[in-house]
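Chemist: Here it is, the structure, as structure tokens.
The values are calculated or read from the model by the stated rules, or taken from the named source; none is laboratory data. Just so it is clear, the structure is predicted and the values come from calculations on it, not from any experiment. All Cβ positions, even for glycine, are placed from backbone atoms using ideal geometry, and neighbour counts span all protein chains on display.
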Amino acid sequence: MDPSSFFISSSLQNAAVFTVVLAFAGYLVTFWINRMMARRADRLRLVNQRLNEFYGPLYVATVAGNIAYNSLLNKQGKTQCHPIRDEDLKEWVLWMTTIFMPLNDVREKIIIENAHLIVEEQMPQCLLDFVTHVVGYKAMLSKWAEGDYSERRSMIGWPPEFDIYVEHSYKALKAEQTRLLHNALWRLWRRFAGRKIR
């Protein structure tokens, strides 16, 4: 037997083993990348759903409500709505029935119908307090419809944490959405491309 043929067959065996190991490693890397990308896609889908169906509309309605409320206060030369004076009542009723309650109804509907999309494990108290606040206004508006204006505000006050919660949650989800949209490879490419561009 020729010794060189032994080395050739041994080299072929080593090459075959090396090829199998490389193929398996390639499979593992591909599997891991696909799994990571699938998780990222699932997370992005959930973040998009939360933004599109819950926090986005809730944020827009809340900001619009705050702008409208501050506009009314500026128009009346006040810094807070209460007490609602007799001379302000007609305008308060108009704004309440045509602007504030429709926006409250939108927000209440979002919270009730899409509560499964909240970020937290437990329903935040400020959301429950907001819904209760709106229910109080519905009772009051029913009295107004009958001509009874003895109550001018909901007996259940506005939850001050509500606006903070909605804004914070919306901005946090937008930041997460941006992060998920720009994966690590994209960020790495942008870093290197950014340095060359400057």
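Chemist: Go through N74, N48, N66, N52 for me and flag whichever is assigned to a helix (DSSP H, G or I) and over 30 Å from the mean Cα position of the chain (by Cα).
Modeler: Values: N48 fails: over 30 Å from the mean Cα position of the chain (by Cα); N66 fails: over 30 Å from the mean Cα position of the chain (by Cα); N52 fails: over 30 Å from the mean Cα position of the chain (by Cα).
The match here is N74.
Chemist: A further question on this structure: Between a first residue in segment 141-158 that is in contact (Cβ under 8 Å) with a residue 60 or more places away in the chain and a second residue that is in a loop (DSSP other than H, G, I, E, B) and surrounded by 12 or more Cβ atoms within 10 Å (Cβ to Cβ), which pairs have beta carbons less than 8 Å apart while being 6 or more apart in sequence or on different chains?
Modeler: Listed by first residue and then by second, the contacts come to R152/I84; R153/C81; R153/I84.
Chemist: Another question, then. Name the pairs: first residue in segment 37-63 and closer than 19 Å to L103 by Cβ, second residue among the aromatic types (F, W, Y) and part of a helix (DSSP H, G or I), Cβ to Cβ under 6 Å, at least 6 apart or on different chains?
Modeler: Y55/Y170; Y59/Y170
Chemist: Just one of the numbered conditions (1) in contact with a Phe, Trp or Tyr (Cβ under 7 Å, 6 or more places away or on another chain); (2) modelled with pLDDT under 95; (3) part of a helix (DSSP H, G or I) is not true of R152; which one?
Modeler: Result: R152 fails condition (3) only.
Chemist: Sticking with this one: Can you find, within segment 129-155, the residue that is surrounded by the most Cβ atoms within 10 Å (Cβ to Cβ) among those that are farther than 18 Å from P102 by Cα and not acidic (D, E)?
Modeler: Among those that are farther than 18 Å from P102 by Cα and not acidic (D, E), it is Y149.
Chemist: Within the group L28, L58, L51, L73, which residue is hydrophobic (A, V, I, L, M, F, W, C), surrounded by fewer than 15 Cβ atoms within 10 Å (Cβ to Cβ) and within 23 Å of D163 (Cα to Cα)?
Modeler: Details: L28 fails: within 23 Å of D163 (Cα to Cα); L58 fails: surrounded by fewer than 15 Cβ atoms within 10 Å (Cβ to Cβ); L51 fails: surrounded by fewer than 15 Cβ atoms within 10 Å (Cβ to Cβ).
It is L73.
Chemist: Let me confirm something: among D88, D105, D2, which residue is surrounded by 11 or more Cβ atoms within 10 Å (Cβ to Cβ), at pLDDT below 95 and not aliphatic (A, V, I, L, M)?
Modeler: Just one listed residue meets the conditions, D88.
Chemist: Suppose we filter segment 12-40 for residues that are modelled with pLDDT of 75 or more and either under 20 Å from K171 (Cα atoms) or charged (D, E, K, R) (or both); how many remain?
Modeler: 2
Chemist: Inspect segment 116-130 for any residue being in contact with a Gly (Cβ under 9 Å, 6 or more places away or on another chain) and either modelled with pLDDT of 95 or more or of a type in the set (D, E) (or both) and give the result as yes or no.
Modeler: yes
Chemist: Next question. Among A38, A61, which is aliphatic (A, V, I, L, M), on the phi < 0 side of the Ramachandran plot and touching a Lys or Arg at 6+ places or on another chain (Cβ under 9 Å)?
Modeler: Criteria check complete, one pass: A61.
Chemist: Run L173 past the list (1) closer than 30 Å to R39 by Cα; (2) free of Cβ contacts under 8 Å to residues at least 40 places away in the same chain; (3) not hydroxyl-bearing (S, T, Y) and report the number of the one that doesn't hold.
Modeler: So the condition that L173 fails would be (2).
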